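As structure tokens, the structure follows; a few thoughts come after it.
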Amino acid sequence: MRQVLLFIIALSLTVCNTKTQNSFAIDQDLRSEQEQINDFIGQLISDFEIGGAIGIGIVKDGDIIIQEAYGFRDQNMNLPATASTPFYIASMTKSFIGTLAVLLAENGEIDLEDPLVNSLGFKLPKDVVIADKTIEDLFTHTSGIGNSAVGIKTAYTGNFTEEEIYNDLETLSYPITQGYQYSNLGYIIGALIFKQKLNENWKELLHKRLLKPLEMTRTSANVSDYDPDEIAKPHTVTNGVVKTGPFLKKDDTMHAAGGMLTTVEDMNKWMNFHLNNEPSLLPIEAFDYIHSDLVGFYEKMGTLNSYGYGMGWNQADWNEYEISWHGGGYPGYRSLCLLSREENLGITILMNQETPAMNLIADFLLGAFLEIPDFKGFISNRKNLITQKRERYQFVRDSTLAEGNKKYQLTRTFEGYEGVYLNEELGEMVVKSESGSLKFIVGNLSFNSNYIGDDTFFFFSDADQMYGTMDFYFETQNKGEVASSLDFSELSYKRIK
């Protein structure tokens, strides 16, 4: 099974409400910060061919400096994004859940040092050893429990009951990890502990304890709280054509490790809360704990050198400044929030298109507001490096797309492929004929396809740049020769009807 992740970038667009003059350095003597950021973002939209939107929020010394959105929440309908447009933020949700856990601990409602063996309301499989692990370990990715099918169900496929999730946690296999190992499952289990101890689910607790007091009125863990037309839709650009894809998340796939929608305006409130503790929901010592390196490791993300992880926040250095941050990624979305607590600076970037431009925006904004020497040269060098990296994808992108676009003669009827297939851990996949090809439906996800010969289909999503192959295997049954199984994303499914 082959799976290729590509970054498809192919169209230049003009962004609404921005200029396109190239400007790399914030120069207070010439123009306002807003104007220069407008110019820089406008140039990136052209250079990196962005069809969706870029939301920017900046707070400094308790003041809101920038809250803007550039581009489109729905390019197909010509709907611009604004600072109040909800973006899906994926794993940046962990910065909220980690903070919520500390808040509950400060109130005496949970004890982060409680052993997991005494805290779980269910049993893990025998090969999962948690004897010396605590609730805190779940939120610092040190529980030793790696992602399982539960993480895939709750993030992507949906269509499950709470009882099924508990059963899966007790019976399915887990990767066993050592030390720090980033995993969604720790946050999912941590949220279940919240409910067992407080009789409220994590979404209710988050709203009551954090979002409502902070007046983050446009932030929610439920998709159903929004009008579908107001949500920033995912965008792709392929062969010179911008596509606005469907929003894939539903309430049942908004999980505690990556299940929130928010706006630039609300994120400015969130960042000011972590910088200035207003309103005073937590003492300063609690923020020091949240933003400390409770576990050490090294990982590089762009120019951020992460050396530790706190309660839902990475700890890193950037050009000798200490930065607390978390990002998020999902088909068609990227998000990033950055704090320099020593400089009282908070930055948020929200996007509804996957692009390496995200890292360059982060560098530009950090460099501008932290006043890095030779800032213009620094950003120019970073842009050149990112451009070179993009070019390395070119051959893989072109060859993969060419393979998928070849016109192979279908040697069987679609009826032989259609049916319902089952993976014991992930559930059912429906394969049906639609618009002259096959469509694959897995819970809330759906994929289109092109036939590329040898009972193999090249599948792709409207929501991101993910491409891969679906391989079918046939055997003779009482209805003739029909597919008996298939391989999809390195997972095997058996036909059940």
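Quick notes on this structure:
- Single residue of the range 413-452 satisfying the filter (in contact (Cβ under 8 Å) with a residue 60 or more places away in the chain and in a loop (DSSP other than H, G, I, E, B)) that is nearest to D462 (Cα to Cα): N444
Let's see how each residue does on (1) over 30 Å from Y309 (Cα atoms); (2) touching a residue at least 12 places away in the same chain (Cβ under 8 Å); (3) touching a Phe, Trp or Tyr at 6+ places or on another chain (Cβ under 6 Å); (4) open to solvent by less than 50 Å² (accessible area, probe 1.4 Å):
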| position | (1), (2), (3), (4) |
| --- | --- |
| N38 | yes, yes, no, yes |
| D63 | no, no, no, no |
| Q67 | no, yes, no, no |
| G71 | yes, yes, no, yes |
| M77 | yes, yes, no, no |
| T82 | yes, yes, no, no |
| L100 | no, yes, no, yes |
| L103 | no, yes, no, yes |
| L116 | no, yes, no, yes |
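- Within the range 194-224, the set of residues being exposed (fewer than 14 other Cβ atoms within 10 Å of the Cβ), modelled with pLDDT of 95 or more and in a helix (DSSP H, G or I) comprises K208, S224.
Here is a yes/no grid of residues against (1) touching a Lys or Arg at 6+ places or on another chain (Cβ under 7 Å); (2) closer than 22 Å to W270 by Cβ; (3) not in a loop (DSSP other than H, G, I, E, B):
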{"position": "E49", "(1), (2), (3)": "no, no, no"}
{"position": "Q67", "(1), (2), (3)": "no, yes, yes"}
{"position": "F72", "(1), (2), (3)": "no, no, yes"}
{"position": "M77", "(1), (2), (3)": "no, no, no"}
{"position": "A83", "(1), (2), (3)": "no, yes, no"}
{"position": "K94", "(1), (2), (3)": "no, yes, yes"}
{"position": "D111", "(1), (2), (3)": "no, no, no"}
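- Matching residues in the range 421-441 - criterion: being on the phi < 0 side of the Ramachandran plot and of a type in the set (S, T, N, Q): N423, S433, S437
- Answer from L338, L366 - the residue that is modelled with pLDDT of 90 or more, in a helix (DSSP H, G or I), hydrophobic (A, V, I, L, M, F, W, C) and open to solvent by less than 20 Å² (accessible area, probe 1.4 Å): L366
- First in the range 130-153 and over 22 Å from G259 (Cβ atoms), second anywhere and open to solvent by less than 20 Å² (accessible area, probe 1.4 Å) and of a type in the set (G, A, S), Cβ under 8 Å, 6 or more apart: I130/S143; I130/G144; K133/S143; K133/G144
- Checking each residue of the range 154-162 against the condition of being of a type in the set (G, A, S), assigned to a helix (DSSP H, G or I) and in contact (Cβ under 8 Å) with a residue 40 or more places away in the chain gives at least one match.
- Those residues of the range 299-326 which are modelled with pLDDT of 95 or more and open to solvent by 40 Å² or more (accessible area, probe 1.4 Å), in sequence order: Y307, D317, Y321, E322
- One residue stands out in the range 164-187 among those that are in a loop (DSSP other than H, G, I, E, B) and modelled with pLDDT under 80: the one that is surrounded by the fewest Cβ atoms within 10 Å (Cβ to Cβ), namely Q178.
- Residue ID - modelled with the lowest pLDDT, chosen from residues in the range 457-466 that are assigned to a strand (DSSP E or B) and buried (at least 20 other Cβ atoms within 10 Å of the Cβ): F460
The values are calculated or read from the model by the stated rules, or taken from the named source; none is laboratory data. Remember, it's a predicted structure, so these values are computed and weren't measured experimentally. Because the Cβ atoms are built from the backbone with ideal geometry, glycine has one as well, and the counts that use them run over all protein chains shown. Ligands, DNA and RNA are excluded from the accessible area calculation, which covers all protein heavy atoms including side chains. Shrake-Rupley method; radii C 1.70, N 1.55, O 1.52, S 1.80 Å.
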